[in-house]
């Protein structure tokens, strides 16, 4: 009987270690599922625009998210006015599935200066992805002929919900996206 007890005692540290490891895995999984501090890598704000040959294809990276897609240029006054609101919305709603995506038209517009986009992003504290439109074909499916800013609201299924031309305040977009989040 004493030898059975000794064998059982030898197995006890292994059992305790297994329980501790299992508990750590469960706690880690709960943290991950709840979006805790170890759930994902922290978001790093972009410092350069991302060149794109197709906005539609590039948006595939945001599948399952609500997207505010804003076509703008550094020389556009109303565009400049909207960007701080987009920065604020991204801060408020990123964790709920919102992605703001800017689409700079500086390379394809007459007064545009593509080399100004990265410093502009830094100056305005842009905290979301910015595509650099390389040619007019990249915008296929998105109409900006009425002017910029032109902003599209896209639902989690990738469908365009609405389109807005001209400056709109942050509260306007916030009201529109709340029902989609």
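The values are calculated or read from the model by the stated rules, or taken from the named source; none is laboratory data. As the structure is a prediction and not an experimental result, all values here were calculated from the model. Neighbour counts run over all protein chains shown; Cβ positions are idealised from the backbone, glycine included.
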Item to check | Test: residue 101 is under 23 Å from residue 53 (Cα atoms), modelled with pLDDT under 95 and in contact with a strand residue (DSSP E or B) (Cβ under 8 Å, 6 or more places away or on another chain) | outcome: no
Next on the checklist: It is to be established whether one or more residues within the stretch 130-143 are free of Cβ contacts under 8 Å to residues at least 40 places away in the same chain, under 24 Å from residue 51 (Cα atoms), surrounded by fewer than 17 Cβ atoms within 10 Å (Cβ to Cβ) and under 21 Å from the mean Cα position of the chain (by Cα).
Outcome noted: no
Next on the checklist: Return the residues of the stretch 144-164 that are without any contact (Cβ under 8 Å) to a residue 40 or more places away in the chain and within 22 Å of the chain's Cα centre (by Cα); say none if nothing qualifies.
Outcome noted: 157, 159, 160, 161, 162, 163, 164
Item to check | Failed criterion for residue 175 (all others in (1) within 17 Å of residue 49 (Cα to Cα); (2) out of contact with any helix residue (DSSP H, G or I) (no Cβ under 6 Å at 6 or more places or on another chain); (3) in a helix (DSSP H, G or I) hold) | outcome: (1)
Checklist entry - From 147, 141, which residue is within 29 Å of residue 176 (Cα to Cα) and either part of a helix (DSSP H, G or I) or touching a strand residue (DSSP E or B) at 6+ places or on another chain (Cβ under 6 Å) (or both)? => result 147
